[in-house]
Amino acid sequence: MLKLSLIAAAVAFVAMGCTFEPKYDRPAAPVTQTFPEGGVYATQPTAEGAADKSRSASGQTAPDIGWRDFFADARLQRIVELALKNNRDLRVSMLNVDAARAQYQITRAGLFPTLDAVGSQSKQRTPRNLSFFDQTISNTYSVGVNASWEIDFFGRIRSLKDQALAQYFSLAETRKAAEISLVSSVADQYLTMLAYDDLLTVTQNTLKTAQESYRITKLQFDNGTGSELDLRQAEGVVQQAQANLQSQARLRAQAENGLVLLVGEPLPDDLPGGMPLDAQDLLADIPAGLPSDLLTRRPDIAAAEQSLLAANANIGAARAAFFPRISLTGSFGTLSPTLGGLFKPGSAAWSFAPQISVPIFEGGTNVANLDLANVQKRIEIANYEKAIQTAFREVADGLAARGTYDEQIRSLQRFVSSQSRRLELSDLRYRNGVDSYLAVLTAQTSLYDAQQTLISARLNRLTNLVDLYQYLGGGWIEHSGDAPRPADTPTDFGSATPPKAASDAAS
């Protein structure tokens with residue numbers, strides 16, 4: 001019993017071994033401790049200022065808000081659900097996680113002994129003048145078990161295992177980032193399609209007004225009370241509106257094609273009714289928090305850190321290559337010159353062959369591999385810092401936009417009203433002979449441009465809120481209050497197969 005305990009303790013000590021991986025210290029975030037304040041950042045929406053308290057974030061952070069609660073449009077919610085099921089890029093991302101999981105399991109298997117059951121027969125002919133008793137043909141049958149084990153004294157395999165695990169976690173976080181980005185991209189494309197619907201409506205109304213104006217101007221010209229200049233100007237407005245109508249119809253169709261590509265299948269006919277662009281009620285008062293919060297909220301930053309951990313572990317493997325490799329191989333079984341004698345007494349056979357390999361001259365390979373591993377770590381440090389800086393810039397840009405769009409839209413709404421009144425007065429003056437048709441044309445063009453600018457500003461405000469929701473780490477859970485899924489969980493609503501979690505793969 002004591003011998004078994006000693007053997008078990010020795011095996012455990014060997015399995016633990018040592019490692020030459022450098023101690024990992026998370027690099028300091030290369031950004032300021034707070035997001036910019038004052039100026040364009042000063043006017044941020046709050047829960048107290050929300051027009052509809054039921055549509056307030058109520059102080060919840062973006063990762064705690066489900067995308068069904070962030071979007072109020074039932075049609076958009078259904079489209080996002082379809083995209084999460086069918087998008088091919090997301091499917092490839094998940095398969096990459098599965099491949100990384102398998103690669104990790106392959107690498108981890110190197111820590112354990114291998115056992116193989118083998119059976120063989122060999123037949124050999126020896127020249128008669130070299131044989132004994134004229135036995136020129138000899139047979140050997142064997143059945144047994146072969147075992148081999150590389151003892152990881154210096155942590156080479158352990159470091160490779162840590163590297164594979166970190167790469168697996170990195171791809172899992174990348175897959176999570178891809179899903180969050182998909183939710184944002186689908187919403188942006190859907191809102192763009194709604195904006196083109198509004199532009200088509202404005203252009204169609206402008207075209208109707210222009211056609212009526214052209215009809216009246218032509219009638220005046222035919223009766224000799226109007227000039228050809230006025231007629232050609234009115235005709236030009238009609239032609240321009242018709243050209244814009246075709247352009248916007250084309251762009252609207254292409255926007256829908258882009259949405260279909262994101263969804264991964266044609267949009268079904270039974271989609272619920274949607275909201276127009278100016279009625280989209282997104283949560284606008286999500287708190288930004290601190291830049292340091294992004295380290296835990298943003299999966300792209302987590303993926304960059306896991307890549308850094310993988311590079312750190314690779315240094316340990318490169319260092320261990322300078323030290324001896326010790327492997328044990330052995331076999332146990334039976335040997336017999338006849339098949340029937342394999343299991344007779346006295347046929348047992350075994351072999352034990354420990355081996356040690358010490359690097360003496362590798363032509364600089366080990367040194368170069370270590371240099372490469374160190375350089376790769378510095379590269380991953382820079383990538384990690386760049387991911388943080390990019391995240392900081394994206395959130396800061398989103399906050400700057402969120403603090404200015406509301407007032408811009410209110411100003412544009414007032415501007416549209418003023419241009420609409422201007423058109424009415426210009427048309428009245430023209431009909432009374434006080435002013436030329438050029439004033440009407442100018443007012444009509446200004447109103448049309450103002451209406452398009454207002455639609456563009458509304459679209460930009462909404463897409464900014466969607467993107468800011470993504471930049472702050474939102475879009476991973478479906479409903480507020482849901483428990484966050486592991487990063488490697490497949491998205492398959494209604495699937496009966498329970499997904500494998502990252503913790504399962506690591507165990």
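The values are calculated or read from the model by the stated rules, or taken from the named source; none is laboratory data. Everything quoted here is computed from the prediction, not taken from an experiment. Because the Cβ atoms are built from the backbone with ideal geometry, glycine has one as well, and the counts that use them run over all protein chains shown.
From the residues in segment 313-366 that are polar (S, T, N, Q) and not in a strand (DSSP E or B), which one is nearest to Phe112 (Cα to Cα)?
Asn314
Could you list, ordered by first residue, the pairs with Cβ atoms under 9 Å in which the first is in segment 253-265 and free of Cβ contacts under 8 Å to residues at least 40 places away in the same chain and farther than 12 Å from Leu194 by Cα and the second is of a type in the set (A, V, I, L, M) and surrounded by fewer than 19 Cβ atoms within 10 Å (Cβ to Cβ), at least 6 apart or interchain?
Close Cβ pairs (under 9 Å, with a partner that is of a type in the set (A, V, I, L, M) and surrounded by fewer than 19 Cβ atoms within 10 Å (Cβ to Cβ)) amount to Val260/Leu267.
Test Ile286 against the criterion of being crowded, with 19+ Cβ neighbours inside 10 Å and part of a loop (DSSP other than H, G, I, E, B), and give yes or no.
Yes: the conditions hold for Ile286.
Just a yes or no: is a residue in segment 431-445 of a type outside the set (Gly, Ala, Ser), within 30 Å of Ala400 (Cβ to Cβ) and free of Cβ contacts under 8 Å to residues at least 60 places away in the same chain?
Checked against the condition, which is being of a type outside the set (Gly, Ala, Ser), within 30 Å of Ala400 (Cβ to Cβ) and free of Cβ contacts under 8 Å to residues at least 60 places away in the same chain, segment 431-445 yields no hits at all.
Could you tell me which residue of segment 187-236 is surrounded by the most Cβ atoms within 10 Å (Cβ to Cβ), considering only residues that are outside any helix (DSSP H, G or I) and hydroxyl-bearing (Ser, Thr, Tyr)?
Selected residue: Ser227.
Of the residues Ala147, Ala195, only one is under 32 Å from the mean Cα position of the chain (by Cα) and more than 30 Å from Met94 (Cα to Cα); which?
Of the residues listed, the single one that is under 32 Å from the mean Cα position of the chain (by Cα) and more than 30 Å from Met94 (Cα to Cα) is Ala195.
Answer yes if at least one residue in segment 292-300 is touching a helix residue (DSSP H, G or I) at 6+ places or on another chain (Cβ under 7 Å) and over 30 Å from Ala401 (Cβ atoms), and no otherwise.
The answer is no; no qualifying residue exists.
Could you list all residues from segment 402-419 that are modelled with pLDDT under 95 and either of a type in the set (Gly, Ala, Ser) or outside any helix (DSSP H, G or I) (or both)?
Gly403
Go through segment 241-283 and give me each residue that's more than 26 Å from the chain's Cα centre (by Cα), closer than 25 Å to Tyr471 by Cβ, surrounded by fewer than 16 Cβ atoms within 10 Å (Cβ to Cβ) and not small (Gly, Ala, Ser).
Passing the criteria: Met275, Asp278.
Kindly list the number of the only condition in (1) modelled with pLDDT of 95 or more; (2) closer than 30 Å to Ile388 by Cα that fails for Ala284.
(1)
Yes or no: segment 470-479 includes at least one residue that is of a type in the set (A, V, I, L, M) and part of a helix (DSSP H, G or I).
No: zero hits.
Let me spell it out: the conditions are (1) in contact with a strand residue (DSSP E or B) (Cβ under 8 Å, 6 or more places away or on another chain); (2) of a type outside the set (A, V, I, L, M, F, W, C); (3) crowded, with 18+ Cβ neighbours inside 10 Å; (4) more than 30 Å from Ser142 (Cα to Cα), and Pro324 meets all of them except one. Which number is the exception?
Unmet condition: (3).
Write out, first by first residue and then by second, each pair whose Cβ atoms fall under 8 Å of each other, whose residues are 6+ apart or on separate chains, and whose first residue, in segment 379-396, is in contact (Cβ under 8 Å) with a residue 40 or more places away in the chain and aliphatic (A, V, I, L, M) while the second is buried (at least 22 other Cβ atoms within 10 Å of the Cβ) and not in a helix (DSSP H, G or I).
Ala387/Arg298; Ala391/Arg298; Val395/Leu472
I need the full set of residues from segment 1-42 which are hydroxyl-bearing (Ser, Thr, Tyr) and either surrounded by fewer than 10 Cβ atoms within 10 Å (Cβ to Cβ) or at pLDDT below 90 (or both), in order please.
Ser5, Thr19
Quick one: is Ala443 hydrophobic (A, V, I, L, M, F, W, C) and within 40 Å of the chain's Cα centre (by Cα)?
No, not satisfied.
Quick check on Ala100: is it buried (at least 18 other Cβ atoms within 10 Å of the Cβ), in contact with a helix residue (DSSP H, G or I) (Cβ under 9 Å, 6 or more places away or on another chain) and either among the aliphatic types (A, V, I, L, M) or more than 30 Å from Glu265 (Cα to Cα) (or both)?
For Ala100, the condition - buried (at least 18 other Cβ atoms within 10 Å of the Cβ), in contact with a helix residue (DSSP H, G or I) (Cβ under 9 Å, 6 or more places away or on another chain) and either among the aliphatic types (A, V, I, L, M) or more than 30 Å from Glu265 (Cα to Cα) (or both) - is met.
Need the failing condition index for Val183 against (1) surrounded by 13 or more Cβ atoms within 10 Å (Cβ to Cβ); (2) β-branched (Val, Ile, Thr); (3) more than 22 Å from the chain's Cα centre (by Cα), just the number.
Unmet condition: (3).
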